[in-house]
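Single-structure report; data block below.
The values are calculated or read from the model by the stated rules, or taken from the named source; none is laboratory data. Only a predicted model underlies this, so the values are computations on that prediction, with no experimental measurement involved. All Cβ positions, glycine included, derive from the backbone under ideal geometry; neighbour counts span all protein chains shown. With ligands, DNA and RNA removed, areas are computed over all heavy atoms of the protein, side chains included. Shrake-Rupley method; radii C 1.70, N 1.55, O 1.52, S 1.80 Å.
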There are 2 protein chains.
Amino acid sequence: MHFGENMFDYRRTHTCGELTKKNVNEVVKLSGWVHRRRDLGNLVFIDLRDRYGMTQLVLEDTSTKLRAEWVISVRGQVRERKSGMANAKLATGEIEVAVEALEILSSAKIPPFNLNEESLEVSEELRLTHRYLDIRRGDIMQKLLVRSKAMLETRSYMNSHNFAEVTTPVLGRSTPEGARDYLVPSRVHPGTFYALPQSPQMFKQLLMVSGMDRYFQIVQCFRDEDLRSDRQPEFTQLDIEMSFGVPEDIYELTENLLIRLFKECKGVDVEPNFKRMTHAQCMEHYGCDRPDLRFDLRLHRLDDLLAETEFSIFKETLANGGCIKGLCVKGGAEMSRKEIEKLIDFVKPFGLSGLAWMKRTTEGWQGGVSKFFSQKELTGMEKRAGVDHGDLLLMAASAEGAVNQGLDHLRRHLGKKFNLINENSYAFVWVVDFPLFTYSETDDRMASEHHPFTQPHPDDIALIKTDPYKVRSLAYDIVLNGYELGGGSQRIHDSHLQAEIFKALQLSDEEVQEKFGFFIEALSYGTPPHLGIALGFDRLVMLLTDTDNIRDVIAFPKTIKATDLMMQCPSQVRQEQLDELEIATKEKAL
Amino acid sequence: MHFGENMFDYRRTHTCGELTKKNVNEVVKLSGWVHRRRDLGNLVFIDLRDRYGMTQLVLEDTSTKLRAEWVISVRGQVRERKSGMANAKLATGEIEVAVEALEILSSAKIPPFNLNEESLEVSEELRLTHRYLDIRRGDIMQKLLVRSKAMLETRSYMNSHNFAEVTTPVLGRSTPEGARDYLVPSRVHPGTFYALPQSPQMFKQLLMVSGMDRYFQIVQCFRDEDLRSDRQPEFTQLDIEMSFGVPEDIYELTENLLIRLFKECKGVDVEPNFKRMTHAQCMEHYGCDRPDLRFDLRLHRLDDLLAETEFSIFKETLANGGCIKGLCVKGGAEMSRKEIEKLIDFVKPFGLSGLAWMKRTTEGWQGGVSKFFSQKELTGMEKRAGVDHGDLLLMAASAEGAVNQGLDHLRRHLGKKFNLINENSYAFVWVVDFPLFTYSETDDRMASEHHPFTQPHPDDIALIKTDPYKVRSLAYDIVLNGYELGGGSQRIHDSHLQAEIFKALQLSDEEVQEKFGFFIEALSYGTPPHLGIALGFDRLVMLLTDTDNIRDVIAFPKTIKATDLMMQCPSQVRQEQLDELEIATKEKAL
């Protein structure tokens, strides 16, 4: 069976996903991969697969040699399947194609893993080595298609709001701030290097100086960091900047974009008017700046209620300037001592030496540390933490940072353990009023929480000189279900204010010049008020496609060792290449 | 004058480009840059500028200090300009805004060049050093906005044809083929390197193996080549690949995309059904594979007419296997000997030792080499080259490559010199049937004209073994006005045919494995017929915005020395950075 004169015409009339009863009797040409072959003796059924779906073929010629993953092209007539043979799960499940001519376009070696199985139990290493087959399996393909759709929706949306997409350079300058740069040796200027951008931050601010007014870009960024499982050396960012606006504009723009993406790419209706929470509120009630608001289980401050406690450990903590917070586990009075011990072990890696606990039963407070508190203290805590009969109160006493960190992890752990999380809910929250400055332990000095161009909160400008750690900034993060989706800020456009910030950071004119030279120069030629945000696009697509694995939403990802297993890179290069660049490695001298 | 409580609300009610008579009496808030200030004693007129346009402000308070490029925000009432004062050139030319309150958002140093002048005569170096001001000037800004629009139109179009945009890695593998790679040293695997992609060619073919079916990407690519003025180390490509198609599909897809882009981004109606021309026809009639078809002035082969010529130079050329071609310059008989000498000098850098010439006047052939030819020869050339009374015939005799190269340059030179080119015409042509193989002088062996995965023309497969240089390929270029906009090919999907090509190229199995290893492996798991094209996106935007300077369509371009003058990069980096990468430069030892 052969097409004869059509041998080199590879065009199909339909894809494998579109034929229905409407097409019955039509003569069609389909192409695709042999997904499954069933031999019935006098007939052969083939499931033919392509990106769009699957169509059943019927061959009367049973002699044709066909194996899984061979690529074939067939011509045949569409007919309705015999009654009772329809497959309601398939869009094409009511029809089949009676093959009149068949051409084998290419045969295939036996794949290293089975592409038929939906829940595949092979190592990710093998899948990454043969990524093209892993994509063909369907699951990754679908995620990449959602990613493509999300990119187009984002771009259409941004354009409709007058944001122009401007491509910024990949070959940039290495900057002393931030994470480690990937370097690119220059051949034309030996001894010098480009750096791959960690973000287009400076470029987008320069575009505002240029009068571009509204900019966006979906852009690859690079950080040479030791990878965690949810990081990639190159990642994608939706980068946005606008002039003559206020944070409210960014909130509205971002919210409507996210609502659109969840609707168009996931079919989910997200509630408008996202919650807002100050950084201080987040730290107070959730112990972190990216709270998962799908469940309550808040942290409650108890130290003010225990100012005169006789319980020695707490007393000592308070004397040392520490803090005490509690978590109320609903129904937790049922928990055994052993179970509670497990929770205590759980928090230890997060900087807490342990937890105090007590149970509220119908008979009153019982067990744990309950005996150390006065009735007034017990009543106070009961009210504050919303404790009912049958609940367990867990308490942490330590430095505030440790209490927050430990109870944040505990809270999330309990949320999972007690199934408090509705996996189909989307709890967006804007975290605002971040502190402008932070104490850098490594440098033993005050540093910027975000970057030195972040606008201080207008109400706090007087505090820069007098009480800098109290200064709030116009920085904001958008958080979803405990993940930081992105963040940004209003930038400083006033050179006097900028100078004041540099002074507060104890940066000399020389240091400013060395670190930010050309950028400060640019800002001196008429800078509009501007602000922006950057959203982690990979993370966003992960949320749109319900995966926790960042590699699932990247076509050709790298491993945690920053290796591409398919291409086998990074790799050694020829000595001539190094000679031309006038560089040497340990193995290959100049 | 101050907004008071609104001090930190930077929002405007309108842009500087949208107020018309319809808005008269409205109170508006505008922000922008002071473009021009005219002081009338009791009144000050300010032209306020932003990305969207310019609006005239009237200030009664003449004491306010305002200089060019200061950023201000004003509140005021829109009023119609006094009769006779309207400016028809401006969209906002019928109104002005009577300022009630004004806030200076930021002052500005005096710019290093005047932003008011439309035709700016400053060095490109100065403009690139202050690129943000160069963009603000307006001309570059408009081109970047067209680029943004072209990107969105392209993406909408490709998506509407089921092409998914898939992001491919920037950190890839160095390949021995092609141009010089930019390398990125790996810190995690010292002594090894990533390479920045010269194109996503392998990735897009792997996506076809994966069943992605239709892929596109607007993607940055990198080549570490010595730059010509129209090249950049990083450039942008529209990359396309599809499965189960034929070249006709790519022609149709590309044509309709280009028609749409010229319409939407330039307002130009391009004629559908682009011309097609074989590579052989192009070389024969235009001496190059990217003919500018906006004007005729074709090359005419004369050697068959001169087989028995007595003219010794021509005789010798033919004896050495050379070729003779002529160009007929309409009305060229008017040209002085001196002018003709100039043309002869013009061709010399292009491999020709000179030109022969003769004039056709009403009295017959005159001057130059006319006396050396028989009447039969003269009549033959006259007919062949379409020579009329008053024309000049220019002839080149040499090796065919030199004749083609010299006359191609001469043809284009004459096209400009005699104003034969309609600058508002768009002469698209598909150049098809490229040869599959070419002779590589550097390696003294046969090489692939494009790459070894290019499909041979189905009619010529038998010639691969017997007469390989005659084999045509299914490769194609799209050419516009003498520029190669892009090119592509049908790829080989049959492993037997692929093996035959490698054999013809005298590549051993080991060499194939070394050069293309993992790629050949991938192709063995069921490869669909596939084909694609890559279009130079920078060049396309240059044509859409009428510029010959590639730097005009790139926001932050590099110089011909691959330097970013604004950021001052490539630059030296800290010794610790090199130490971490375990590399050394000549200056800085390990």
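So, in Å, what gap is there between the alpha-carbon centers of segment A:369-433 and segment B:162-200?
49
Using Cα pairs closer than 8 Å and at least 6 residues apart in sequence, work out the relative contact order for chain B, in percent.
13
Largest first, what is the accessible-area ranking of B:R36, B:R155 with a 1.4 Å probe?
Heavy-atom accessible area, descending, gives B:R36, B:R155.
Quick one: give the max-minus-min coordinate of the C-alpha atoms of chain A along each principal axis, largest first, in Å.
93, 74, 53
Does segment B:74-132 classify as rounded, prolate or oblate by the C-alpha gyration tensor (a ≥ b ≥ c root eigenvalues; a/c under 1.5 gives rounded; else a/b over b/c gives prolate, otherwise oblate)? Provide the component values of the computation, followed by the final result.
Numbers: a/c = 4.20, a/b = 1.68, b/c = 2.50.
The shape class here is oblate.
When the helix-only estimate is applied to chain B (DSSP H runs of n ≥ 4, each -39,500 (n - 2.57), divided by the residue count), what is the mean residue ellipticity at 222 nm, nearest 500 deg cm²/dmol? The partial results should precede the final answer.
Numbers: 15 runs with 162 residues, N = 590.
That calculation yields -8500 deg cm²/dmol at 222 nm.
Label position 7 Å from Cα toward Cβ: report the copy-to-copy distances for B:Q513 in nm, one decimal, ordered from shortest.
6.1
With unit charges on the beta carbon (Lys/Arg positive, Asp/Glu negative), name the residue among B:G93, B:A427, B:N549 whose Cα is farthest towards the positive pole of the charge dipole of chain B.
Of B:G93, B:A427, B:N549, it is B:G93.
May I ask you to report, in nm to one decimal and beginning with the shortest, the distances from A:K21 to the same position in the other copies, taking label points 7 Å along Cα-to-Cβ?
Relative to the other copies, A:K21 has label-point distances of 6.3 nm.
Determine the dipole magnitude for segment A:142-275: charges of +1 sit on the beta-carbon of Lys and Arg, -1 on that of Asp and Glu, nothing else is charged, the reference point is the Cα centre, and the result goes in debye to the nearest 20.
With only Lys, Arg, Asp and Glu charged at Cβ, the dipole is about 460 debye.
Looking at chain B only, what percent of DSSP beta bridges run antiparallel? Nearest 5 please. Spell out each step's value before the answer.
On the way: 92 of 100 bridges.
The answer is about 90 percent antiparallel.
Students sometimes get this wrong: rank A:H389, B:H279, A:H450 by accessible area, probe 1.4 Å, all chains present, largest first.
Largest accessible area first, the list is A:H389, A:H450, B:H279.
What quantity of accessible surface, computed with a 1.4 Å probe and excluding non-protein components, is buried in total between chains A and B, in Å² to the nearest 100? The partial results should precede the final answer.
Working: alone 30810 and 30780 Å², together 50090 Å².
That pair hides around 11500 Å² of surface in total.
If the reach is capped at under 17 angstrom between alpha carbons, list the lysines near A:K22, excluding any in the same chain fewer than eight residues apart.
Counting by Cα, and skipping residues close in sequence, A:K22 has these lysines nearby: A:K82.
Taking segment A:186-261 as the region of interest, what is the percent of Cα-Cα pairs per 10 angstrom bin, listed from the shortest bin to the one with the maximum distance?
Reading upward from the zero bin: 15, 33, 33, 14, 4.
Taking the label point as lying 7 angstrom from Cα along the Cα-to-Cβ axis, what are the distances from B:E124 to the corresponding position in the remaining copies, in ascending order and in nanometres?
4.7
Let me spell out the model: positive unit charges on the Cβ of Lys and Arg, negative unit charges on the Cβ of Asp and Glu, origin at the Cα centre of chain B. What dipole size does that give, in debye rounded to 20?
Around 1920 debye, computed over chain B.
Have a look at the protein assembly as shown and give its Rg and Dmax from the Cα atoms, expressed in angstrom.
Just the Cα atoms of the protein assembly as shown yield Rg and Dmax of 35.6, 129 Å.
Take the Cα pairs of segment B:75-206, get the Kirkwood Rh, then feed it into Stokes-Einstein at 37 °C and 0.692 mPa s and tell me D in µm²/s.
Values: Rh = 21.2 Å.
The Stokes-Einstein estimate is 155 µm²/s.
Let me confirm one metric for peptide B:201-211, namely the mean number of other chain beta-carbon atoms within 10 Å of its residues' beta-carbons.
Neighbouring Cβ atoms belonging to other protein chains average 6 per residue here.
Distance between the C-alpha centers of segment B:528-590 and segment A:447-484? Whole Å please.
Distance between centres, Cα-based: 35 Å.
For segment B:300-411, what does the accessible surface come to per residue with a 1.4 Å probe? Please give it in Å².
Ligands and nucleic acids excluded, the result is 48 Å² per residue.
Report Rg/Rh for segment B:529-583, rounded to two decimals, where Rg is the Cα radius of gyration and Rh the Kirkwood radius. Walk me through the numbers on the way to the answer.
Numbers: Rg = 18.0 Å, Rh = 14.7 Å.
We get a ratio of 1.23 for segment B:529-583.
Please state the charge dipole magnitude for segment A:1-127, taken about the Cα centre, from unit charges on C-beta atoms (+1 on K and R, -1 on D and E), reported in debye and rounded to the nearest 20.
200
Averaged over its residues, how many other protein chain Cβ atoms are within 10 Å of peptide A:515-528's Cβ atoms?
6
I'd like the mean, over residues of B:529-536, of how many other protein chain beta carbons sit within 10 Å of each residue's own Cβ.
Averaged over the peptide's residues, the number is 1.
Only bridges with both residues in the protein assembly as shown count here: give the DSSP antiparallel percent, nearest 5.
On the way: 191 of 207 bridges.
DSSP beta bridges in the protein assembly as shown are roughly 90 percent antiparallel.
Which is farthest toward the positive dipole end of segment A:1-102 among A:V28, A:Q77, A:L40, measuring Cα position about the Cα centre, with Cβ charges +1 (Lys, Arg) and -1 (Asp, Glu)?
Farthest towards the positive pole: A:L40.
Using amide H atoms built in the peptide plane, which far-off residues or other-chain residues are under 5 Å from B:E94 H to H?
The list, which skips near neighbours in sequence, is B:N87.
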